[in-house]
Amino acid sequence: MSRSLLLLGASLLAGVLLLRAEPVPAQAAPPPPLDPAQVLAAFAPGPGREVTAAACGQCHAPSLITGKHLDSEAWAQLVDQMISRGAPVEDKDYDTIVDYLTRNYGPAKG
């Protein structure tokens with residue numbers, strides 16, 4: 001008889017725990033990949049546009065980049081930070097990207 005009571009108690013405890021359990025929130029689906037042609041079109045024309053759009057536009061909406069108005073040093077720091085997080089920037093493109101961003105989205109353009 002004590003075995004039956006133990007089973008009943010365990011069942012009741014399990015039921016109470018299940019009732020108190022909070023549902024696990026569903027994870028949001030990742031955003032769709034950005035269309036490279038739309039990304040490129042959002043950047044100002046000029047030398048460095050393609051490499052900048054390719055490097056930055058893989059992860060960021062263009063407005064996140066084009067809405068900033070930073071000086072050369074701040075752009076360089078931001079590009080360095082993105083590289084440390086895995087941005088696909090080749091050494092040969094680094095200066096081109098920083099120069100492009102400064103020229104088109106520098107403080108004077110704000």
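The values are calculated or read from the model by the stated rules, or taken from the named source; none is laboratory data. This is a predicted model, so every value here is computed, not measured. Cβ placement follows ideal geometry from the backbone for every residue including glycine, while neighbour counts extend to all protein chains displayed.
In the set (1) over 18 Å from A108 (Cβ atoms); (2) in a helix (DSSP H, G or I), the condition left unmet by A76 is number (1).
Restricting attention to segment 85-106, the residues that are of a type in the set (S, T, Y) and surrounded by fewer than 18 Cβ atoms within 10 Å (Cβ to Cβ) add up to 1. On inspection, Q58 passes the criterion of being touching a residue at least 24 places away in the same chain (Cβ under 8 Å) and assigned to a loop (DSSP other than H, G, I, E, B). Filter segment 12-53 for residues that are of a type in the set (A, V, I, L, M) and at pLDDT 75 or above and give the result. Answer for segment 12-53, where residues must be of a type in the set (A, V, I, L, M) and at pLDDT 75 or above: L34, A37, V39, L40, A41, A42, A44, V51, A53.
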